[in-house]
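A short write-up of the structure that comes next.
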Amino acid sequence: MAASTLSVLSPAIVRPSLLQLDHRAAKNRLPVAVRCCVLHSCDESIGLNFCGLKLWMLQKLKHHNPKVLAMKQQNKKIEIQGKGQVHDYLNPAASSDSEDIEDSGDETASISEDTMSFASNHENDGSKDVKPQEGLTASLLETSSTFSHPGGRAPSLSIAVIGATGELARNKVFPALFALYYSGFLPENVGIFGYSRKQLTDENLRSLIAETLTCRVDHREKCGDKLDNFLKRTYHQFGGYDNKVGMAKLNSCMEQVEGNHKANRIFYLSVPQEALIDVALSLADNAQSKRGWNRIIIEKPFGFNALSSYQLTQLILSKFEEKQIYRIDHLLGKDLIENLTVLRFSNLVFEPLWSRAYIRNVQVILSEECGMETRGRYFGGYGVIRDVVHSHILQTIALFAMEPPVSLDGEAIRNEKVKVLRSIRKLDMDDVVLGQHKGSSIEEATCKGELTPTFFAAALYIDNARWDGVPFLIKAGMGLIKHRVEIRIQFHHVPGNLYREHIGHSTDLATNELILRDLPDEAILLKVNNKVPGLEVQLDASELNLLYKDKYNVEVPDSYEHLLLDVIDGDNHLFMRSDELAATWNILTPILSKIDENRIVPELYQFGGRGPVGAYYLGAKHGVRWSDD
């Protein structure tokens, strides 16, 4: 199109049939001075004289038209090096995406300033011998530049941590933000804002969080300079006990730092569940940016039961759109979770096997060390089901079992996840084991009289064509013998195995198995059968392993870094949507209702042991042997 348009301006070509440009599109998109030559197929000399007269008249008119004078102040010429290059505004497809000045209804006001100044260009550019046709071409190559950002400045990013003095914010959120800043994933003009009820100065907050900020082990260049710059861009806002007033003050503080430019904002709500609604609604009315997008991050648990979760969701959706809400679970930020889709959809060897035809059972195992943070979560009334199973375990199963999405777009993946969650059969008490560990005297006093479980095992079934009849066994608990986070996929036995006599007494030990492990050492393992070296035919089960620490000499980023970067990029596939949240509560509500009514007493197990004995009976009932033992 560019070449054909330029040909109109050459004295050797006067035929309009060579334009290859839609007649109406040309009329709408080309400057008026060009339209007169293009649309009338004029003779070279007549056409140029007519265009020159038109330009002379417009040159006179522009001095008396205030709209044109206003445009002149906004326009900027773009110089293009070389010949044969035409600006995108000659391309009808390109012009639809530009931020053009609105049509005022006056044709004169919509004319390009560069086209109108054709005659003056020849007088002032020092090119006295330029031919008229070349001058006209030059005027086409000059156009007003449309800045994508006001003032030519990229939009700033402001990140506010609500509850900035809490343990989560100090130990996880601020360190993750600094790691992203140090690694170049945050813009230089980022603003970090801490909001709390403590009367702190900016320097007080900077001193408070500086103790937890560290640079990457694998690259520490200019660590001190980066740290100083990050802290200089960190501010504190005292919220008081009226969040409406506090959020208005936070908004003013943000605006002072952002200036009169486009600004995007992220709000991390690191607050207790009982304060979440007041904080979120006050934020929505008083602290959102009016010159950019706004996103809020909400920490789990997302409600206490189905009813409270629904009420919370409706209140938040009354102020925010679904695309603005990011429900975060740090356990979903592990590379283990990302490897679920990468391993399956980027390797031909695995995708055909991903169904009931080849997979015998799937085990999702998470055992945590016992610490103050873990004990506080489990015995704070929420328990292991609301804290781990509700979000992390079920989201892991959904990502594992979903159908191939149409793309890697977040909404496409979430659409497939919610289909899996809606297909999971409601849990029956016969397929559930609850446990509570026998702790020290301090722990016994902490949980005395409570039935909050610290261990949960269950067998789930997905009622769809791909996974019909395949048990998904989940086990999550605290204080077990091993600190382990992994997904284990066991395949069917080989039908009519020719080597069954050489396998040994247990065919289970010869089962092919794929293991995705996050802890204790991040790895991908594949269990296969091979012949033991020697003259006899003896089979052995061996593991083909990919240990990340041996393969990749890099520090694995914290899961909060991963998820915060996803929020900045607008990637929401690891965050629960409202319909996913409702589907998850439908699975767990029958069990939680019975537990809350104190009709189920958890089985006690020894701290540092293997968990309740009932978990082994559960596996046997469904024909599964727990692989982690």
Inset, instruction - State which residue pairs qualify: first residue assigned to a loop (DSSP other than H, G, I, E, B) and inside the stretch 490-507, second residue open to solvent by 60 Å² or more (accessible area, probe 1.4 Å) and at pLDDT below 80 in any location, beta carbons under 6 Å apart, and separation of 6 or more residues or different chains. - result: 493/507
Legend entry - Output for the stretch 555-590, where each listed residue is open to solvent by 40 Å² or more (accessible area, probe 1.4 Å) and either under 17 Å from the mean Cα position of the chain (by Cα) or farther than 14 Å from residue 420 by Cα (or both): 555, 556, 557, 558, 562, 569, 571, 589, 590
Inset, instruction - Provide a single number: the residues in the stretch 351-369 that are open to solvent by 40 Å² or more (accessible area, probe 1.4 Å) and either more than 16 Å from residue 398 (Cα to Cα) or assigned to a helix (DSSP H, G or I) (or both). - result: 7
Inset, instruction - Could you please find all residues in the stretch 338-350 being open to solvent by less than 50 Å² (accessible area, probe 1.4 Å), farther than 16 Å from residue 474 by Cβ and part of a helix (DSSP H, G or I)? - result: 338, 339, 341, 343, 344
Legend entry - Out of 526, 592, sole residue that is at pLDDT below 90 and among the hydrophobic types (A, V, I, L, M, F, W, C): 592
Legend entry - Residue count, the stretch 184-226 (criterion: crowded, with 18+ Cβ neighbours inside 10 Å, out of contact with any strand residue (DSSP E or B) (no Cβ under 9 Å at 6 or more places or on another chain) and not in a loop (DSSP other than H, G, I, E, B)): 1
Legend entry - Residues located in the stretch 393-412, provided they are surrounded by 21 or more Cβ atoms within 10 Å (Cβ to Cβ) and closer than 19 Å to residue 325 by Cα: 395
Legend entry - Which numbered condition residue 442 fails, given (1) open to solvent by 60 Å² or more (accessible area, probe 1.4 Å); (2) modelled with pLDDT of 95 or more; (3) over 23 Å from residue 327 (Cα atoms): (2)
Inset, instruction - Looking at (1) under 22 Å from residue 492 (Cβ atoms); (2) in contact with a strand residue (DSSP E or B) (Cβ under 9 Å, 6 or more places away or on another chain), find the lone condition where residue 620 falls short. - result: (2)
Inset, instruction - Filter the stretch 591-619 down to residues that are more than 18 Å from residue 481 (Cβ to Cβ) and open to solvent by 70 Å² or more (accessible area, probe 1.4 Å), then give me how many there are. - result: 7
Inset, instruction - Could you figure out which of (1) more than 26 Å from the chain's Cα centre (by Cα); (2) surrounded by fewer than 17 Cβ atoms within 10 Å (Cβ to Cβ) isn't true of residue 514? - result: (2)
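The values are calculated or read from the model by the stated rules, or taken from the named source; none is laboratory data. What you see is a predicted model; the values in this text were computed from it and never measured. Quick reminder, even Gly has a Cβ in these numbers, built from the backbone with ideal geometry, and neighbours come from all protein chains shown. Keep in mind that these areas ignore ligands, DNA and RNA; they rest on the heavy atoms of the full protein, side chains included. Shrake-Rupley method; radii C 1.70, N 1.55, O 1.52, S 1.80 Å.
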